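Have a look at the structure below before the remarks.
The values are calculated or read from the model by the stated rules, or taken from the named source; none is laboratory data. Small disclaimer: the values here were computed from a predicted structure and weren't measured. Neighbour counts run over all protein chains shown; Cβ positions are idealised from the backbone, glycine included. Just so you know, the surface numbers come from the protein's heavy atoms only, side chains and all, with ligands and any DNA or RNA stripped out. Shrake-Rupley method; radii C 1.70, N 1.55, O 1.52, S 1.80 Å.
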Amino acid sequence: MTSALLNRRDVVAELLKDRGDLIVTTGLGSPSYDVMAAGDHDRNYYLWAAMGSAATVGLGLAMSRPQDSVLVVTGDGEMLMGMGALATIAVQAPRNLTIAVLDNGHYGETGMQRSHAGHGIELDRVAQSVNFDWTARITDMAGVQDLHARIHAKNALNFAAITIDVAEEERVLPSRDGVYIKNRVRAALGQTSF
């Protein structure tokens, strides 16, 4: 295993490679920029001003679309704000949901203050404690590639905390029009009544 920290854009690009019909929900800020940088898609649900909600939105999508794989890409700060949701998600246990936390131990959107993860809270162990089927702390691209395969298998509730470096990347902004994003995703999923 390597000790070098992973680049967030490389991680997200690998997770979204050959995505097919994957539904992706993003935490606000950098995870949204990272997913957008990997390529905009009608099945990308970018969350704006919904701090702490990415995992629960992913849960709703996974439960309503059991035939599709659902990936939540979020940061450690955003996941910490919605940490209680992990228990609810584990109780519901959708086997088509994967939560990938880009963990740099900082709150990137508010000035790079150290987050609780930066103080030693291990989100993968929290997910393990509430009985996710599979959890991991990923520190290398081989682990990211394994996670990619798990996302598409639809046979387990997965959670990975992926250790990334703190470098900021250029912002690649998706639309900030929440109604447009919602309606685009609904149309892509065949939900014609709005």
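Restricting attention to segment 95-135, the residues that are out of contact with any His (no Cβ under 9 Å at 6 or more places or on another chain), open to solvent by 20 Å² or more (accessible area, probe 1.4 Å) and either at pLDDT 60 or above or within 19 Å of Val12 (Cα to Cα) (or both) total 19. Step by step: first the residues of segment 145-164, then only those that are in a loop (DSSP other than H, G, I, E, B) and open to solvent by less than 40 Å² (accessible area, probe 1.4 Å), then the one that is farthest from Glu122 (Cα to Cα). Which residue is that? Per the stated criteria, the residue is Ala156. Here is the figure for segment 8-66: residues that are surrounded by fewer than 19 Cβ atoms within 10 Å (Cβ to Cβ), among the acidic types (Asp, Glu) and over 25 Å from Arg95 (Cβ atoms) total 2. Filtering segment 20-47 down to residues that are in a loop (DSSP other than H, G, I, E, B) and within 14 Å of the chain's Cα centre (by Cα), which residue is nearest to Gln191 (Cα to Cα)? Step by step, filter segment 20-47, then rank; the result is Arg43.
From the residues in segment 154-194 that are in contact (Cβ under 8 Å) with a residue 24 or more places away in the chain and of a type in the set (Gly, Ala, Ser), which one is nearest to Gly75 (Cα to Cα)? The qualifying residue nearest to Gly75 (Cα to Cα) is Ala161.
Pairs linking a residue in segment 77-91 that is over 14 Å from Asn131 (Cα atoms) to a residue that is among the acidic types (Asp, Glu) and not in a helix (DSSP H, G or I), with Cβ atoms under 9 Å and 6 or more positions apart or on different chains, are Met79/Asp103.
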